[in-house]
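Reviewing the structure listed below.
What follows draws every value from the coordinates through simple rules; no lab data is involved. Note that the coordinates shown come from a computational prediction; the quantities given were computed from them, not determined experimentally. Because the Cβ atoms are built from the backbone with ideal geometry, glycine has one as well, and the counts that use them run over all protein chains shown.
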Amino acid sequence: MSSECNVPVKYAYKGANLISFGTSIKLLFTGYLVTIAAGYIMALIQILFTHGMADGQFGLSLNDIVYSYYGDRSGSVLESKLNGSMKFNAPDEDRFKIIQWVRDGASQEEYDATIKPIVEKNCLMCHNASAGSIPDFAEFENLQKLSESSEGATFQSLTRLSHIHLFGISFIFMFVGLIFSFSTGVPCCYKYPAIVMPYLFLLIDIASWWLTKLNPHFAWLVIVAGVGLGISFAFMWSVSMYQMWILGGILKQSDRRNAIMRD
Ligand code: HEC
């Protein structure tokens, strides 16, 4: 047992906290925080590319989230085109037959029996293999693909994504939170919520995917949870870095508080 007077002068004002930790621990923590921040930015870019383009326009909007999870149930591309820019390419009678076929599930049998000749007569002069940018309707699959309405994310993909996110992200916040726990002088009314919020928002985030899959009105909850997660991450990250390198490194502040035993 060493008593207070045995402590060398050099360490007299040091405690278990971010300001007083040795450089090796600070480097270890910093390496982790910097790498995780890079991962966070990559995740945001990925969200922008996968979900951001869902409604056909760049940038993340409420519609993107609805399309990604709930889908666009308003109908198929084929039907909306036949009522839109392709309206005058076939007589009404033929258009209605195609639309009826789409609504009946776009089966191959029905296609062979009635739809194929209609498409050959009215559409193939433009929609053929040499057309380039527009789909070739000589291939049944190309026509069928456009007859499906989007149902958004599938239950399989949601369960897979949910468990990966719950395991992975809670692990990340275990360490970010642990490092941040060693900070001193942060009022408890900020410190406690910052540590708890990531887990809370993570659970809300995952729950909101499922809720949006069932009802598009929950799309805003996905955004609220994502922003909450981001804010608590940014707060813990900057406080930790600030205490280690500015307060402890540049300003050489001393701090003998023990952040493990008390806040
Ligand atoms: C006069 C040429 C022409 C004819 C005839 C024509 N199309 Fe088109 N079609 C186009 C062009 C050009 C586009 C791309 C521009 C657009 O989407 O309006 C297009 C786009 C489409 C699209 C959207 C494809 C996509 O990937 O978004 C569908 C669906 C479609 N046509 C269906 C039909 C059907 C069904 C017929 C026959 C009843 C038909 N078209 C006849 C020229 C034609």
Quiz item: For the chain, how many pairs of lysine residues have a Cα-Cα distance under 25 Å, where the two are 8 or more positions apart or belong to different chains?
Solution: 22
Quiz item: Per the Cauchy relation, a quarter of the hull surface: what is the mean projected area of the convex hull of the alpha carbons in segment 19-165, in nm²?
Solution: 13.5 nm²
Quiz item: Taking the Cα-to-Cβ direction at Ile41 and at Ile231 and moving 7 Å from each Cα, how far apart do the two end points lie in nm?
Solution: 2.3 nm
Quiz item: Hey, what do the phi angles of segment 247-253 turn into as Karplus ³J(HN,Hα) couplings, whole Hz, using 6.51/-1.76/1.60 and θ = phi - 60°, x for Gly and Pro?
Solution: 5, x, x, 7, 7, 6, 5
Self-check item: Karplus (6.51, -1.76, 1.60) ³J(HN,Hα), θ = phi - 60°, over segment 89-102, in Hz, Gly and Pro reported as x
Solution: 8, 8, x, 3, 4, 6, 4, 5, 5, 5, 4, 4, 4, 4
Quiz item: Expressed as an acute angle from 0 to 90° and rounded to the nearest 10, what is the orientation of the C-alpha long axis of helix 155-181 relative to the principal long axis of the chain?
Solution: 20 degrees
Quiz item: Nearest 10 degrees, 0 to 90: what angle lies between the long axis of helix 188-214 and the longest principal axis of the chain (Cα atoms)?
Solution: 10 degrees
Quiz prompt | Translational diffusion of segment 75-143, µm² s⁻¹ [Kirkwood Rh, Cα pairs; Stokes-Einstein; 10 °C; 1.306 mPa s] | solution = 131 µm²/s
Quiz item: To the nearest 0.05, what FRET efficiency results for Ala131 and Ser61 with a Förster distance of 45 Å applied to their C-beta separation?
Solution: 0.90
Self-check item: Simple label model, 7 Å out from Cα along Cβ direction - Glu151 to Leu200, nm
Solution: 3.6 nm
Quiz item: When the convex hull of the Cα atoms of the chain is projected onto a plane and the area is averaged over all directions, what value comes out in nm²?
Solution: 20.0 nm²
Quiz item: Relative to the first principal axis of the alpha-carbon coordinates of the chain, what is the inclination of helix 219-241, with its axis defined by its Cα atoms, in degrees from 0 to 90 and to the nearest 10?
Solution: 30 degrees
